Amino acid sequence: MRFDSSRFFREATLRICGNLEIEKAMSSFLEYIQEYIPADRLLLEYFDRDARVMRTIVDATREKSENIDMITPLSQEARAFLKKKYQDGIPEPYYYDKPNEISLTRELLAFYNQEAESILVLPLGTQSVLVGVVTFISTHLQYNEKHLELVSLLKEPFQIAMSNALKHRNELRLFDRDFFWEITKRLCGNLEIEEGLRSCVEYMAKHLPVDVMYLQKYESELNAMRIVARARENMSEQMDLLVPFNSDSTNALLELANVWRAGELPAVIRINKPLEEPVTIHMQRSLGEPPSSALSMPLILENKIIGTLVVLAEGNDRYSEYHSNLYSLLKEPFFVAMSNTLKHREVLKLKDLLADDNRYLHGELRRISGDEIIGANFGLKEVMEKAGHVASLDSPVLLLGETGAGKDVIANAIHYSSPRKNGPFVSVNCGAIPDTLIDSELFGHEKGAFTGALAQKRGRFERADKGTIFLDEIGELPLPAQVRLLKVIQSKEIERVGGVKTIPLDIRIIAATNRDLEKMVQSGEFREDLWFRLNVFPISIPPLRERKHDIAALLQHLIILKTRELKLPQIPAVVPDSMKILMNYGWPGNVRELGNLVERSMILNPAGPLDFSLLIPSGKVPDEIPLPGASSSRNLDNLISDHIQNVVLETNGKIHGPGGAAEILGVNPSSLRNKMNKYGIKYGRSFKEKI
């Protein structure tokens, strides 16, 4: 049968130029020419003038055809051979009948891991301008002059096809770039990930089918997928829904993991038959979605799949390879979005935990130091009245009293009774900070301000902004630090050590000391101007020896408190006549010494009864003093009963009203009567009859 060259040209041209997707065109052409030209592999390359290299854009075999962008690395010898081949212009088609003996073709075959019996090359371009080449590779037959003649007929169709492919590719690149940046802008333009997803869905719907988008985190330890966010064109929602995998979806995931470990997992998994894919249909049913085609993009961090981004379109066969390629462009921005979202949620979770801890600690401080001040209505009544007057103001307060008298407790009470109670309460022991570090501790420092300043640090004053700073042992503050403290009180602003920026402050200052500041001013140990600034509203706290009627209540409070701190199973009893011992001791260490005494006794005898006689520093039991109504019982209730009887005796049986026992004890009169009834203590007419 006579060969019809016109028919060959038309059919070949139709296949070469008949498809804008160049890899499909090459696949169709390769299938057609098998009858005329032996070819097992076809490479289409174009000359990149900017990089001065050949780029392979199509690699086609009988099994598959791929659109790629690959530079073939060549040795200096191969480049020299190629340059010599084209030094006189663009040659006619040529072939190599021994390709393994020439450096250029040998390297080409090695790069593609290809065996070849012969190679045929069709240069594309004008006489002086190289556009590219088409390389035919035969594994079983040699090329000859007849093959060259046929291939030369196809020069123009290949040039047209390459030109169209490059133009289409450039247009796609421009579109891909615009698509990528538009999605990135929408995703990163919203702090809330779910709103960013909604904006992305709105834009993506113009270019590919999408009904809904899910951002999911894989919880491997729970064998479940956690839904982080969901979005449609007209809605978005933040989620925290855990969807456990069933047995079928678990097995499918294991198979997918094997594919991934083998390095064969695609950037985007396309599912067009959801009912046939266990993971997809399980997730869709769990989320109440109809059977939908899906594009799933695995998000990988440190060689682990941390989650997926999924778009769904209802029905089968909704997604093409083009949609997969377009969707794959979004891997980087969505990976960053997922990472940021998880970090942001972790920060919010830690913030909530910190706020909860803060509320709890504030409650504990109020319970211990604010709401339960023992003696507030008796021994400390005058102190608490003064604290109540000044609490609502921002005036400086100076607390005066012996060590252990409870100055920190009163400072806490003032803060938590003030409008600043929701702000920080920062306590500073001025005597415990070395002179060389006091500026850094109080005012903070900048990075590099001195040797060892490896990072910026906020000082105590800055941390107390919008709250209260308690300067305990203010008399121990060195004179240079007193000057800087005076400036802070006057200007309400600080500068960190090594810094030039002025930081404004909104703080309330409470100072405390056990020293005589007036004498220190006279001796030059304390600045007079600072003394006047601090001594706006002084409050003197009486020592425990001057408010011994508070000892019984303090003892009860401390025993309960130490029982909880020492994790004892029950509150221990007290030996008889303990109050006699405690009431006759001078308490130079005040309430702190009483607390230490209780703790020491409970450590030595946690089951009780608590015996303080051998622990009093004097070493002997003082002379007995009369305690009306004293009981020999070891029960703590009887100790409370004794104290109530003492107070009732002092008030001559008066319970209600000013100067009554209820006011002195700081309890409701009805509650006091109930307790007195419980303990059988007489009051009112019964008390007078008893007298």
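For Arg533, all conditions in the list (1) surrounded by 14 or more Cβ atoms within 10 Å (Cβ to Cβ); (2) charged (D, E, K, R); (3) assigned by TED's automatic domain parsing to the domain that holds Arg592 hold save one; what is the number of the exception?
(3)
Tally up the residues in segment 636-665 that are touching a residue at least 12 places away in the same chain (Cβ under 8 Å), touching a helix residue (DSSP H, G or I) at 6+ places or on another chain (Cβ under 8 Å) and of a type outside the set (S, T, N, Q), please.
Residues in segment 636-665 being touching a residue at least 12 places away in the same chain (Cβ under 8 Å), touching a helix residue (DSSP H, G or I) at 6+ places or on another chain (Cβ under 8 Å) and of a type outside the set (S, T, N, Q): 16 in total.
Which of the residues spanning segment 265-301 are in a strand (DSSP E or B) and of a type outside the set (Gly, Ala, Ser)?
Ile269, Arg270, Ile271, Leu295, Met297, Pro298, Leu299, Ile300, Leu301
In segment 116-143, what count of residues is obtained for those that are farther than 23 Å from Ala80 by Cα and either surrounded by 13 or more Cβ atoms within 10 Å (Cβ to Cβ) or free of Cβ contacts under 8 Å to residues at least 24 places away in the same chain (or both)?
First, the residues of segment 116-143 that are farther than 23 Å from Ala80 by Cα: 117, 138-143.
Keeping just the survivors that are either surrounded by 13 or more Cβ atoms within 10 Å (Cβ to Cβ) or free of Cβ contacts under 8 Å to residues at least 24 places away in the same chain (or both) gives 117, 138-139, 141-143.
Number satisfying all stated conditions: 6.
Given the residues Ala110, Ala25, Ala39, Ala12, which is the only one that is touching a Phe, Trp or Tyr at 6+ places or on another chain (Cβ under 6 Å) and either under 17 Å from Phe158 (Cβ atoms) or surrounded by fewer than 18 Cβ atoms within 10 Å (Cβ to Cβ) (or both)? It would help to see each step written out before you state the result.
Values: Ala110 fails: touching a Phe, Trp or Tyr at 6+ places or on another chain (Cβ under 6 Å); Ala25 fails: touching a Phe, Trp or Tyr at 6+ places or on another chain (Cβ under 6 Å); Ala12 fails: touching a Phe, Trp or Tyr at 6+ places or on another chain (Cβ under 6 Å).
Ala39 is the lone residue from the list that is touching a Phe, Trp or Tyr at 6+ places or on another chain (Cβ under 6 Å) and either under 17 Å from Phe158 (Cβ atoms) or surrounded by fewer than 18 Cβ atoms within 10 Å (Cβ to Cβ) (or both).
Going through segment 76-100 one residue at a time, which ones are among the hydroxyl-bearing types (Ser, Thr, Tyr) and farther than 13 Å from Leu120 by Cβ?
The answer is Tyr86, and nothing else.
Right, Ala110: assigned to a helix (DSSP H, G or I), free of Cβ contacts under 8 Å to residues at least 40 places away in the same chain, among the small types (Gly, Ala, Ser) and touching a helix residue (DSSP H, G or I) at 6+ places or on another chain (Cβ under 8 Å) or not? Walk me through it before giving the result.
Numbers: assigned to a helix (DSSP H, G or I): yes; free of Cβ contacts under 8 Å to residues at least 40 places away in the same chain: yes; among the small types (Gly, Ala, Ser): yes; touching a helix residue (DSSP H, G or I) at 6+ places or on another chain (Cβ under 8 Å): no.
Judged against the criteria, Ala110 is not a match.
Among the candidates Lys466, Lys457, single out the residue that is in contact with a strand residue (DSSP E or B) (Cβ under 9 Å, 6 or more places away or on another chain) and surrounded by fewer than 20 Cβ atoms within 10 Å (Cβ to Cβ). Talk me through it step by step, then tell me what you get.
Values: Lys466 fails: in contact with a strand residue (DSSP E or B) (Cβ under 9 Å, 6 or more places away or on another chain).
Of Lys466, Lys457, the one residue that is in contact with a strand residue (DSSP E or B) (Cβ under 9 Å, 6 or more places away or on another chain) and surrounded by fewer than 20 Cβ atoms within 10 Å (Cβ to Cβ) is Lys457.
In the set Arg527, Arg508, which member is touching a Ser or Thr at 6+ places or on another chain (Cβ under 8 Å) and either loosely packed, with under 12 Cβ neighbours inside 10 Å or in the same structural domain as Lys407 (by TED's automatic domain parsing) (or both)?
None of the other options fit; the residue is Arg508.
Could you check Lys487 against (1) under 30 Å from Met579 (Cβ atoms); (2) touching a strand residue (DSSP E or B) at 6+ places or on another chain (Cβ under 9 Å) and say which number it fails?
Result: Lys487 passes all but (1).
Being crowded, with 21+ Cβ neighbours inside 10 Å, small (Gly, Ala, Ser) and touching a residue at least 60 places away in the same chain (Cβ under 8 Å) is the filter here; which residues of segment 285-331 pass it?
Ser292, Ser293, Gly307
Identify, please: which residue in segment 611-652 is at pLDDT 75 or above and in a loop (DSSP other than H, G, I, E, B) and is, among those, surrounded by the most Cβ atoms within 10 Å (Cβ to Cβ)?
Once the filter is applied, the top-ranked residue is Phe612.
List the pairs whose first member sits in segment 505-520 and is under 17 Å from Arg460 (Cβ atoms), whose second member is of a type in the set (Ser, Thr, Tyr) and not in a helix (DSSP H, G or I), and whose Cβ atoms are under 8 Å apart, counting only residues at least 6 apart or on separate chains?
From segment 505-520, the pairs are Ile507/Thr468; Arg508/Ser418; Arg508/Thr468; Ile509/Thr468; Ile510/Thr468.
Within the bounds of segment 211-234, is there any residue that is in contact with a Phe, Trp or Tyr (Cβ under 6 Å, 6 or more places away or on another chain), on the phi > 0 side of the Ramachandran plot and either among the hydroxyl-bearing types (Ser, Thr, Tyr) or touching a residue at least 12 places away in the same chain (Cβ under 8 Å) (or both)?
Checking segment 211-234: at least one residue is in contact with a Phe, Trp or Tyr (Cβ under 6 Å, 6 or more places away or on another chain), on the phi > 0 side of the Ramachandran plot and either among the hydroxyl-bearing types (Ser, Thr, Tyr) or touching a residue at least 12 places away in the same chain (Cβ under 8 Å) (or both).
Just to be sure I understand, how many residues within segment 487-510 are touching an Asp or Glu at 6+ places or on another chain (Cβ under 8 Å), hydrophobic (A, V, I, L, M, F, W, C) and closer than 26 Å to Ser417 by Cα?
Residues flagged as touching an Asp or Glu at 6+ places or on another chain (Cβ under 8 Å), hydrophobic (A, V, I, L, M, F, W, C) and closer than 26 Å to Ser417 by Cα within segment 487-510 amount to 2.
List the number of the failed condition for Gln238; all other conditions in (1) polar (S, T, N, Q); (2) part of a helix (DSSP H, G or I); (3) out of contact with any Leu (no Cβ under 9 Å at 6 or more places or on another chain) hold.
With respect to (1) polar (S, T, N, Q); (2) part of a helix (DSSP H, G or I); (3) out of contact with any Leu (no Cβ under 9 Å at 6 or more places or on another chain), Gln238 is out only on (2).
Suppose the filter is surrounded by 17 or more Cβ atoms within 10 Å (Cβ to Cβ) and either in contact with a helix residue (DSSP H, G or I) (Cβ under 8 Å, 6 or more places away or on another chain) or modelled with pLDDT of 65 or more (or both); does His362 pass it?
yes
I'm trying to understand the selection: among the residues of segment 185-206, which are surrounded by fewer than 15 Cβ atoms within 10 Å (Cβ to Cβ) and either outside any helix (DSSP H, G or I) or of a type in the set (Val, Ile, Thr) (or both)?
Gly189, Leu191, Glu192, Lys206
Being of a type in the set (Asp, Glu) and under 30 Å from Ser395 (Cβ atoms) is the filter here; which residues of segment 526-577 pass it?
Matches in segment 526-577: Glu528, Asp529, Glu546, Asp550.
Under 6 Å by Cβ, and 6 or more places apart or on different chains, what pairs join a residue from segment 149-178 that is modelled with pLDDT under 65 with one that is surrounded by 12 or more Cβ atoms within 10 Å (Cβ to Cβ)?
His168/Leu20; Asp176/Leu329
Does Ala116 satisfy the criteria of being part of a helix (DSSP H, G or I) and in the same structural domain as Asp69 (by TED's automatic domain parsing)? Outline the logic, then answer.
Values: part of a helix (DSSP H, G or I): no; in the same structural domain as Asp69 (by TED's automatic domain parsing): yes.
Criteria not met by Ala116.
Looking at segment 108-146, which of its residues are under 19 Å from Arg79 (Cβ atoms) and in contact with an Asp or Glu (Cβ under 9 Å, 6 or more places away or on another chain)?
Leu109, Tyr112, Ile119, Pro123, Gly132, Val133, Thr135
For segment 203-226, give me each residue that is within 20 Å of Pro290 (Cα to Cα) and in contact with a helix residue (DSSP H, G or I) (Cβ under 9 Å, 6 or more places away or on another chain).
Passing the criteria: Leu208, Pro209, Val210, Asp211, Val212, Met213, Tyr214, Leu215, Gln216, Met225.
Looking at segment 553-581 only, could you name the residues that are under 45 Å from the mean Cα position of the chain (by Cα) and part of a loop (DSSP other than H, G, I, E, B)?
Across segment 553-581, the qualifying residues are Leu566, Lys567, Leu568, Pro569, Gln570, Ile571.
Taking segment 413-468 only, how many residues are part of a helix (DSSP H, G or I) and in contact (Cβ under 8 Å) with a residue 60 or more places away in the chain?
Of the residues in that region, 2 qualify.
Taking the stated definitions as given, is Tyr86 at pLDDT below 90 and out of contact with any Cys (no Cβ under 9 Å at 6 or more places or on another chain)? Step through it out loud before you land on a result.
Details: at pLDDT below 90: yes; out of contact with any Cys (no Cβ under 9 Å at 6 or more places or on another chain): yes.
Yes: the conditions hold for Tyr86.
The values are calculated or read from the model by the stated rules, or taken from the named source; none is laboratory data. What you are looking at is a predicted structure, and each value in this text was computed from that prediction instead of being measured. Using ideal geometry, Cβ is built from the backbone for each residue, glycine included, and neighbour counts are taken over all protein chains shown.
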